[in-house]
Amino acid sequence: MSSRPRVLSGIQPTGAGKHLGNYLGAVRYWASMQDENECFYFIADLHSLTITPDPAELRAQTRKLIAELLAMGVDPDRSALFLQSHLPEHAELGWVMSCLTGFGEASRMTQFKEKGGGNGGNVGLFNYPILQAADILLYQANRVPVGEDQRQHLELTRDLAQRFNHRYGATFTVPDPYVQKTAERIKDLQDPTAKMSTSKGGSGTLWVIEDDRATLKKVKSAVTDAGREVTYDVDTKPGISNLLTILSVVTGTAVPDLEVQFEGKGYGDFKAAVAEAVLGQFAPIRSRFAELVADPGYLDEVVKHGAARAREVASVTMAQVRDRVGLLPSS
Ligand code: TYM
């Protein structure tokens, strides 16, 4: 067994694909963590069932996402890449954890509230963060690279790990969130007060996989303001601030340096620079994706291999949990 820190993260397969926020907020860190950590990355297909997707679409999107993740830099030789549903341990530990979660505690989760939970929402949405906690704890993960919007779910995970350990004896590693400063919320280009999201879609969302011309057009028509200065101020200039964040993260240049660079230049020049940077970042990903998606047999092989590796860890944790909580062995 490796002595490197263990990293785990997940991503949902629903929607037209993955967007710039998923990439800048999470997946590019997944890729960069592979040398120094033992990494487990998975597609949260069980979580996606909370929006009851069309079965054929879910299958197609899951395959597409395997190719997208590989194209974005997840390396199956260095990381276990797998599908959550291939390991029943996720749902099983989710049940155990739901029995340790307070009803009020689960009701307070903002994502549950935002998604209309309690108000015609399904019980899966309510249980969503508890299954997420199980995903993380099964692998005894030390670090969980996610975007800012997942922070509250990680707090719940830590609470549940501590609660379990306190009640049944030391069992789980209490994970640290790994929310990079740069992994800020990337906002929707048409509605820069809301986060860029799969569900919103539309012309404010930059898909990692789409035609270059579509990306260009969306950046050029991003909502700005009546002013002329390229300066960062989330309250009065949310659109320009969002584009500055994107350019800063993509180019690795600090926002104040970008403000100096674009002093006296108009929004048109600035947007052209943002579009160029984003297209440059996406170019190798897009060409690699085209190769990968043409080989579904390879994609299936990758996740099969990843699941076998994941099972080695998840089955050990789950056996320990069953024993700790007092379930009798089956043989
Ligand atoms: P998901 O599929 O919604 O998003 C995947 C990752 O992308 C990040 N992200 C963003 N980052 C910056 N700006 C944005 N606009 C933006 N939108 C999304 C998310 O923070 C996330 O890191 N619940 C998780 C999936 C999950 C999971 C887990 C994650 C299930 N189990 C266990 C970590 C560990 C989700 O819905 O991600």
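The values are calculated or read from the model by the stated rules, or taken from the named source; none is laboratory data. Just so you know, these numbers come straight off a predicted model, no measurement behind them. Glycine gets a Cβ as well: all are built from the backbone with ideal geometry, and neighbour counts include every protein chain shown. Ligands, DNA and RNA are excluded from the accessible area calculation, which covers all protein heavy atoms including side chains. Shrake-Rupley method; radii C 1.70, N 1.55, O 1.52, S 1.80 Å.
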Given the conditions (1) over 24 Å from TYR23 (Cα atoms); (2) aromatic (Phe, Trp, Tyr); (3) under 18 Å from the mean Cα position of the chain (by Cα), report the number of the one that TRP95 does not fulfil.
(3)
If I filter the stretch 175-186 for residues that are near the ligand (Cβ under 8 Å from one of its atoms), within 13 Å of the chain's Cα centre (by Cα) and farther than 30 Å from VAL219 by Cβ, do I get at least one hit?
no
Odd one out for ILE43 among (1) out of contact with any helix residue (DSSP H, G or I) (no Cβ under 8 Å at 6 or more places or on another chain); (2) open to solvent by less than 20 Å² (accessible area, probe 1.4 Å):
(1)
Of all residues in the stretch 118-172 being open to solvent by 30 Å² or more (accessible area, probe 1.4 Å) and part of a loop (DSSP other than H, G, I, E, B), the one that is farthest from the ligand (Cβ to nearest atom):
ALA170
So the helices (runs of 4 or more DSSP H) completely within the stretch 236-331 holding 1 or more residues that are in contact (Cβ under 8 Å) with a residue 40 or more places away in the chain are 238-251, 267-293, 296-325
